[in-house]
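All remarks here apply to the structure that follows.
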Amino acid sequence: MSTSLRPMLPTDLDAVLRIQAACYPAAMQEPAAVVAARMAAAHGTCMVGIHEGIVRGYLFAYPSRLGLVTDLNAPFTVARQPDTLYLHDLAIAPCALGRGLARALVDDALRMARTLGLAHAALVSVQDSERFWHALGWRAASTHDAGLHTYPPGALYMVRTSA
């Protein structure tokens, strides 16, 4: 069966929380209220990946400014004059790994960034995912935003152009 993408809906909250629980240790799992608030704040740039008719992956992203990092467990603040699409969280259910959902979600986010006129995309790499992001064009960058310190040790701020 094929995979597809669509905008995240409020009715996806339970699926998103299940995927989050399967992919992250308890210390990195964000509360339902925060996740729901993010869905509402960035409804146009948050997506889900569907495989076999079920939500199997998600990407939370929102318009931001280069160098800014959203604290873990904090709501999104969509920038008034954004230059960057910030990818806050990408997760794929273990049963759907290797199906291309992660890459499809990232490619779609970069397309959205270009459509919105945003020159950059940025994220915080966690759980030894730097190699994955590097292969997709992201590079480590410096930031002085204290939000980076809300993530576990080894978290790395990364950026790329949206082109």
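The values are calculated or read from the model by the stated rules, or taken from the named source; none is laboratory data. All values derive from a computational prediction rather than experimental measurement. All Cβ positions, glycine included, derive from the backbone under ideal geometry; neighbour counts span all protein chains shown. These accessible areas exclude ligands, DNA and RNA; they are computed on the full protein's heavy atoms, side chains included. Shrake-Rupley method; radii C 1.70, N 1.55, O 1.52, S 1.80 Å.
Numerical summary
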item	result
Enumeration of residues in the stretch 120-163 that are in contact with a His (Cβ under 7 Å, 6 or more places away or on another chain), open to solvent by less than 20 Å² (accessible area, probe 1.4 Å) and not in a loop (DSSP other than H, G, I, E, B)	none
Pair list, Cβ under 9 Å, 6 or more apart: the stretch 139-163 residue without any contact (Cβ under 8 Å) to a residue 40 or more places away in the chain, other residue among the hydrophobic types (A, V, I, L, M, F, W, C) and surrounded by fewer than 16 Cβ atoms within 10 Å (Cβ to Cβ)	Leu156/Ala140; Leu156/Ala141; Met158/Ala140; Met158/Ala141
Tally, over the stretch 59-114, of residues that are of a type outside the set (A, V, I, L, M, F, W, C), in a strand (DSSP E or B) and under 25 Å from Ser2 (Cα atoms)	1
Arg38 open to solvent by less than 10 Å² (accessible area, probe 1.4 Å), farther than 20 Å from Thr3 by Cα, charged (D, E, K, R) and part of a helix (DSSP H, G or I)	yes
Which numbered condition Val106 fails, given (1) open to solvent by 20 Å² or more (accessible area, probe 1.4 Å); (2) without any contact (Cβ under 8 Å) to a residue 60 or more places away in the chain	(1)
Filter result for Asp107 (acidic (Asp, Glu) and either modelled with pLDDT of 95 or more or over 14 Å from the mean Cα position of the chain (by Cα) (or both))	yes
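A quick yes/no check of all residues on (1) open to solvent by 20 Å² or more (accessible area, probe 1.4 Å); (2) touching a residue at least 24 places away in the same chain (Cβ under 8 Å); (3) within 14 Å of the chain's Cα centre (by Cα); (4) within 23 Å of Ala121 (Cβ to Cβ):
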{"site": "Thr3", "(1), (2), (3), (4)": "yes, yes, no, yes"}
{"site": "Met8", "(1), (2), (3), (4)": "no, yes, yes, yes"}
{"site": "Arg18", "(1), (2), (3), (4)": "yes, yes, no, no"}
{"site": "Ala32", "(1), (2), (3), (4)": "yes, no, no, no"}
{"site": "Phe60", "(1), (2), (3), (4)": "no, yes, yes, yes"}
{"site": "Arg65", "(1), (2), (3), (4)": "yes, no, no, yes"}
{"site": "Leu72", "(1), (2), (3), (4)": "yes, yes, yes, yes"}
{"site": "Asp83", "(1), (2), (3), (4)": "yes, yes, no, yes"}
{"site": "Leu90", "(1), (2), (3), (4)": "yes, yes, yes, yes"}
